[in-house]
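Worksheet for the structure shown next.
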Amino acid sequence: MGEFVRFSHSTGNNVHHFEWCTKYRYKMFCKAKNRAICRIAIERAAQRHGINLRKIAVQPDHIHVITELPPTMSQSRAAQLLKGGSSHEIFSLIPNFRLRYPCGTLWSRGNFKDSVGRITLEIAEHYVEEQSDVVNVFDFSLNTMHTKSAGFSPQYSQRHF
């Protein structure tokens, strides 16, 4: 993250941490297959819109993503594109999810988003890796999946926001 990303008329870093939940906090991603489909759907939505994913953690009822956005894209627009695109693809790949969400709304309306500039990238990545329970974290910089047994990280609590 030390180097700036250069585009034709802009330069800078635009790294953000996003978190969003399933509607009603239903635990829709308990199965490894569903978690993998969710990860792939988010990857495809990001790729379609030029969003570079750094890390992603799929929990049973929520998602954490660290992204590098194009310099002209706002956080709100990125969240909208990732949530909407992934929801559409997940419903097409797992039709049984429509039984739980017949109106077609997989994700809750709210989300968390923060620029990684106010905290270090390492703290944000550590937080994503150390989520509750055992999670599969895909590290896009290393192109690897690893499983972590995790707990709460006091370094990344609400006092940083």
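The values are calculated or read from the model by the stated rules, or taken from the named source; none is laboratory data. Note that the structure is a prediction, hence the values are computed from the model and not measured. Here the Cβ is made from the backbone with ideal geometry for all residues, glycine too, and neighbour counts use every protein chain on show.
Restricting to strands (runs of 3 or more DSSP E) lying wholly in region 26-137: which have 2 or more residues that are of a type outside the set (K, R) and surrounded by 16 or more Cβ atoms within 10 Å (Cβ to Cβ)?
It comes to 52-58, 62-68.
With the condition kept exactly as written, say whether any residue in region 96-106 is closer than 27 Å to G12 by Cβ and not β-branched (V, I, T).
no
Of all residues being among the polar types (S, T, N, Q) and either within 17 Å of L82 (Cβ to Cβ) or crowded, with 18+ Cβ neighbours inside 10 Å (or both) in region 9-25, which is farthest from the chain's Cα centre (by Cα)? Just the residue, please.
Only one residue tops the list, namely N14.
Kindly indicate which of K55, K113 is charged (D, E, K, R), modelled with pLDDT under 95, closer than 20 Å to D139 by Cβ and in contact with a helix residue (DSSP H, G or I) (Cβ under 6 Å, 6 or more places away or on another chain).
K55
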